[in-house]
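Heads up: the structure comes next, in structure tokens.
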Amino acid sequence: MIHQYDEPVYLISIVAKILDIHPQTLRQYERENLVCPSRTNGRIRLYSQRDIDRIKLILRLTRELGVNLAGVDIILRLKENVDEMETEIAELRHKVSQAQNTHSVSPDKALVTKKSIYEMIIFEDC
């Protein structure tokens, strides 16, 4: 059975076994808001593959680089900001590319009217 990347399906005991860590470590990461597993109606923690990958990153930062949990929190927040900015930059590059291909101002940004022999372009702020 194949699960979606964000689908919460792994119990805390399974994640602990997969990552070779104590379940208490996972609970600590949750208390520190480094990971936020889903919960069933019975309050059982369920982790997704995305959660497991995030925990792997946390373990790499703490074990291999010696970063404490406060530092991990800062790094993860900065990484999320960078990821958001990269997505925004990609979207803006796409829009610029489209504008260059059409060689015109988008219809929602300009109104073109003719008066006598002059052409007027009026830009409206949204």
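Inside region 13-111, counting only helices (runs of 4 or more DSSP H) that do not spill past its ends, which hold 3 or more residues that are touching a Phe, Trp or Tyr at 6+ places or on another chain (Cβ under 8 Å) and surrounded by 10 or more Cβ atoms within 10 Å (Cβ to Cβ)?
49-63
With the requirement that a residue be in contact with a strand residue (DSSP E or B) (Cβ under 6 Å, 6 or more places away or on another chain) and more than 23 Å from Val72 (Cα to Cα), what does region 11-38 give you?
Listed by number, the list is empty, since nothing qualifies.
Every number here is computed from the coordinates shown, using simple stated rules; none is lab data. Predicted, not measured: the structure shown is a model, and the values here were computed from it. Cβ: placed from backbone, ideal geometry, glycine included. Neighbour counts: every protein chain shown.
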